Amino acid sequence: MNMNMNKLDRRQIIDAAKKTCTLDDLVGHRYCAANANFLFDFEITPECIMNGREDVLQKNSNIFRHGVCHGNSEVVGILNLSKCKLNHHPPGVTIPFFWVLHANGVIKFVLDPELPEEMALRHTRLDSLNEEDTQKNISHTNRHGCFCLGILRPDGSIDRYNRWAEDLYFYYTIFKQNNYEL
């Protein structure tokens, strides 16, 4: 889904998302090749469903539960991607993100707020096109709590966008191969 980067309409993108989503829609084997330096293959299992970190949710409720890009849609649940099984990666490597799934198919990608600043900056850089883009994404995060927006498509894939509140652009697609039952 490679769109003209300058003509993306947030409302049209959100309207194309799968409706009445559940966490089961996210669980399964996923893979992505965002660019030559950013390849990943991972499995979201039921163990990734957010529990045991309620302290993080309470301290950071404004990050996890705001409705600016989500049309005030209800939060269905939160996945802790650091619990995912990464395939073809060295031991100890994790994905330090949470995915906040909304009923309207929007997924908010939130960098773990407890990540050290240097690591957060490194991950922001990996999720950016270049240095100028990194700075735009940092500014957007400072204003809105995150800069990533995912749209769960009816086929189970997730289209990832950056800077959802302004200067929106498509970044990559995460494909789904199979499913686990919750």
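Rule-based calculations on the coordinates, nothing more; no lab input. Predicted model only: the values in this text are computed from it and were never measured. As a convention, Cβ positions derive from the backbone with ideal geometry for all residues, glycine included, and neighbour counts pool all protein chains shown.
For the modelled label position 7 Å from the Cα of THR22 along Cα-to-Cβ, which residues of region 77-94 have backbone nitrogen atoms closer than 19 Å? Label zone hits: 77-80. Peptide packing: for 134-143, 75-84, the average count of neighbouring Cβ atoms within 10 Å per residue gives the ranking 75-84, 134-143, highest mean first. Legend: calculated FRET efficiency, HIS89 to GLN135, from the Cβ-Cβ distance at R0 = 25 Å, rounded to 0.05, equals 0.35.
Can you give the translational diffusion coefficient of region 97-180 in µm²/s, computed by Stokes-Einstein from the Kirkwood radius over Cα pairs at 20 °C and 1.002 mPa s? If you can, show how the numbers build up before the last one.
Numbers: Rh = 13.4 Å.
In µm²/s, the coefficient rounds to 160.
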